[in-house]
Amino acid sequence: MTPIVFVPGLLCSAEAFSFQANALWPFGPVTIASTLEGKSLAEIAAAILAAAPSQFALAGISMGGYICFEIMRQAPERVVKLALLNTSARPDTPQETAQRRALLAQAQSGDFKAVVAQVMPAILHPARRNDPALCDTTLRMALTVGLEGFARQTEAVIGRIDSRLGLAAIRVPTLVVAGDSDPLMPPDRAAEMVDAIPQARLVVVPECGHASTLERPDAVNRALIDWITG
């Protein structure tokens, strides 16, 4: 049985993978890594590696995908399979960096909870933006990470490098998942990674925004079970 390490995204706690932990548990020990330690993606990745099994399957969503790329740079020999969910290999554009800094400044100068409650639904599929349980979960996760964690994660994400240059060197079976309506990471970003990674497979989840593990857990679970058992 292969140990599985899940890496949450920006402003996400372990709850981001609550459905997946239950579904994947029969196939190997499941760990949901902490992203709360470290000021850069390299430091966060090093902390995850220090706590991880000697070899493991690795899955990350959004910012967690950026961290997965960093783990693949630091210790590729330890990763036996890779799953990249709702993420991109590209660095921030200047416009994206400016948007991140503006949102962080808004959160730091006002009501963090109110800012999160206003912004987070926009990442979801339009049909799910008023889903009370889903909105409650995204807010609860953000409050778990907290304002200080948000600031640290934001700067780490802004400072990430272009991972496209290393995609061809990834030599493990790789699953790439995209939401068909992801406003942050559209399917073409996923296709770009699949085209460059030798053993990659693409799954596009229908009627799904950026939070695929929570929005469409059944579809994501099926893809991950195929990945871990394949």
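The values are calculated or read from the model by the stated rules, or taken from the named source; none is laboratory data. Keep in mind that what you see is a predicted model, and the values were worked out from it rather than measured. Cβ atoms come from the backbone with ideal geometry, glycine included; neighbour counts cover every protein chain shown. Side chains included, ligands, DNA and RNA excluded: accessible areas come from the protein's heavy atoms. Shrake-Rupley method; radii C 1.70, N 1.55, O 1.52, S 1.80 Å.
Things worth noting here:
- Within the accessible area of segment 84-136 (1.4 Å probe), percent carbon and sulfur: 55 percent
- Cα gyration tensor category, rounded, prolate or oblate, for segment 119-230 with a/c compared to 1.5: oblate
- For segment 139-230, a simple Cβ point-charge model (Lys and Arg +1, Asp and Glu -1, everything else neutral) yields a dipole of about 280 debye relative to the Cα centre.
- The length gained on full extension between ASN22 and ARG78, counted as 0.36 nm times the residue separation minus their Cα-Cα distance, comes to 17.8 nm.
- Put simply, segment 1-147 fits an ellipsoid with semi-axes of 27, 19, 13 Å; these come from the alpha carbon gyration tensor as the roots of five times its eigenvalues, largest first.
- Computed [θ] at 222 nm, deg cm²/dmol, the chain (DSSP H ≥ 4; -39,500 (n - 2.57); rounded to nearest 500): -14500 deg cm²/dmol
- For segment 116-177: rounded, prolate or oblate by the Cα gyration tensor [a/c cutoff 1.5]: oblate
- Averaged over its residues, segment 78-230 has an accessible area of 45 Å² per residue, based on protein heavy atoms and a 1.4 Å probe.
- Segment 81-142 shape via C-alpha gyration tensor axes, a/c threshold 1.5: oblate
- Alpha-carbon Debye profile of segment 35-103, log10 I(q)/I(0) at 0.27, 0.28 Å⁻¹: -1.28, -1.33
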